[in-house]
1. Cα atoms only, the stretch 152-258: Rg and Dmax in Å?
2. List the lysines whose Cα lies under 26 Å from the Cα of residue 279, skipping any in the same chain that are fewer than 8 positions away.
3. Amide H neighbours of residue 372 under 5 Å, counting only residues 5+ apart in sequence or on other chains, H built in-plane at 1.01 Å?
4. Of 162, 174, 186, how do they rank once you tally other Cβ atoms within 10 Å and put the fewest first?
5. If you look at just the Cα atoms of the stretch 361-420, how large are its Rg and its Dmax in Å?
6. Considering only DSSP states other than H, G, I, E and B, which GluC sites (Glu not before Pro) in the stretch 183-242 qualify as loop sites with at most 10 other Cβ atoms within 10 Å?
7. Roughly how many nanometres apart are two label points built 7 Å out from the Cα toward the Cβ at residue 78 and residue 94?
8. With a 10 Å radius around each residue's Cβ, average the other Cβ atoms per peptide and rank 350-357, 383-390, highest first.
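Read-outs: derived from the displayed coordinates by stated rules, not from any lab. Keep in mind that what you see is a predicted model, and the values were worked out from it rather than measured. Note that we place each Cβ from the backbone using ideal geometry, even for glycine, and neighbour counts take in every protein chain shown.
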Amino acid sequence: MAELGQQTVDFSTLVTRAAAESFLSLKELVAQYTSSTDLSDAQRKINLLKFINKTQQRLLRLHVLSNWSQQVPLINYCQQLASTLSNHETCFTQAADSLFFMHDGLQLARAPIYDVPVATEILLTGTYQRFPKCAEEIGAHGTLTEDQQKKALKKLDTLVRSKLLEVSIPKGFSEVKVSDGTVLLSVDGEYKVLVTLGYRGHLNLWRILHLELLVGEKSGPVKLEDSRRYIVGDDLERRMAEAADPFVTLHSVLHELCVALIMDTVIKQVQALRQGRWKSAISFDLVSDNTGQGGTSAFMQINNDVEAESVSLGTPGLKIMYWVNSDKTSCSSGSGFCQHIIVQPRSDMQIKCLHSSFVVDPTTGKEAEFFLETSCIDVEKLLLQAINCNIYTRLLEIQRELVKNSQICQTDGDVVLQGNIDESDGDYVKKCEGKQILRVRAYGSSYFLLGISLRTGRFCLQLSRNFLAPADLLEFEESLDQGTVSATEVFVSLRSKSILHLFASIGKFVGLQVFIFYFPVFG
């Protein structure tokens with residue numbers, strides 16, 4: 001007898017029993033209603049609803065069983081598939097085990113690697129020149145002759161060239177040169193490396209013969225200690241041996257190392273400038289831009305005495321701010337805009353120099369482009385270039401504004417923007433320290449000289465001849481710095497004052513009494 005719950009029942013028998021049970025229940029309910037007269041109408045309705053609900057549930061179960069019985073062939077087929085897949089899994093496991101043991105057996109049974117060139121030489125000449133004559137010569141081979149060296153290098157050179165055809169060469173390499181069985185790979189301003197085949201005796205793997213970093217300052221390139229160079233070279237050889245594209249791995253690692261060294265050098269130089277003659281005229285922030293697109297950056301203020309080694313880990317960018325002492329471009333309060341230049345590695349790991357605003361290059365007359373010469377990093381030179389371009393741009397805007405005014409510019413020589421300052425303007429050079437000046441004619445051969453200070457970004461106003469009081473010039477300088485009046489209004493007022501001063505001087509010279517606003521001028 002089958003266990004309880006495991007025996008099967010015909011579906012027809014199940015339907016018959018369900019119908020019989022429902023009929024008997026209905027018969028009992030009718031008999032109960034006819035024999036009993038004390039049941040209320042509500043109780044009769046409740047008993048009837050219970051019977052209907054019970055019968056409905058029984059019929060629903062029969063309906064589900066009838067639908068399920070139609071899927072029995074599909075279920076049997078799925079069970080057969082599961083059994084077949086289980087058998088396949090067992091077969092695959094046995095096959096994998098057999099392949100593993102066969103691999104170990106083939107490793108033991110494989111034939112040694114024969115030296116085909118040596119075998120060919122022995123076959124053709126009947127001898128081998130490098131074969132030792134006695135046991136003592138086995139461990140001490142003599143050097144190759146010149147002809148033998150040429151033949152060996154020629155074979156190695158051919159092997160290296162054929163190997164180069166099998167690997168991909170990154171576009172970042174500026175030079176790829178093959179000579180005497182070696183390959184010279186170099187990137188301008190970053191590094192050059194000499195490689196050949198034969199890493200750990202494998203002629204299909206690359207080994208590094210020499211590594212030299214080209215990143216440097218005025219004092220010379222950055223020098224790696226021999227121990228550190230050995231560690232870097234050994235790590236590179238190991239990575240190249242494991243990589244599918246060894247030169248891509250080589251360039252990626254060395255380029256990232258050079259970028260970190262470049263940014264470390266830039267930060268060290270900026271710190272030296274702050275401790276030197278620039279002092280508080282400049283400041284800097286580290287820039288972290290995960291997108292590498294120069295968009296919204298997170299700025300992190302650091303101490304000026306921070307060690308460069310600690311910031312090289314994340315290879316951040318650097319925001320160099322200048323004219324921080326200027327009232328107009330104050331950065332200390334955090335509310336004003338500060339002129340700055342950002343030196344930052346982008347998403348392609350190329351060093352980019354971006355200015356905070358549009359500036360014009362005085363040498364080309366076009367938008368200035370800033371580059372960092374990585375082989376001779378000079379941050380002060382880059383900073384001066386940015387400041388001079390900014391000064392030139394601001395003076396150029398003022399010149400264009402003044403040229404449009406007929407009271408100031410009547411001839412071509414009335415408003416001139418000069419790039420080089422004459423020796424006669426020595427006082428101006430000491431005060432402004434700039435290379436760009438705007439000459440605005442007052443009258444005759446007398447000019448106003450307008451420039452901008454390199455350190456503060458404030459306007460410097462001088463006269464080619466002393467025909468106005470210094471207090472007047474300081475007042476107009478303050479007006480220009482604060483932006484309360486336009487440059488046109490300033491120079492119109494200055495020109496009026498200078499012409500009045502000229503008339504007063506002429507009047508005094510001929511012995512006339514000079515009046516300004518109806519008041520006499522004495523002296």
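1. 13.7, 42
2. Here the lysines satisfying the reach criterion relative to residue 279 are 218, 268, 319, 328, 352, 381, 430, 431, 435.
3. Under 5 Å from the amide H of residue 372 lies no amide H from a residue far enough along the sequence or on another chain.
4. Numbers: 162 9, 174 12, 186 17.
Listed from fewest to most nearby Cβ atoms, that is 162, 174, 186.
5. That works out to 15.3, 52 Å for Rg and Dmax.
6. Details: sites: 190, 212, 217, 225, 237, 242; in loops: 190, 225.
Passing sites in the stretch 183-242 are 225.
7. 2.9
8. Numbers: 350-357: 15.5, 383-390: 20.9.
Sorting 350-357, 383-390 by mean packing, highest first, produces 383-390, 350-357.
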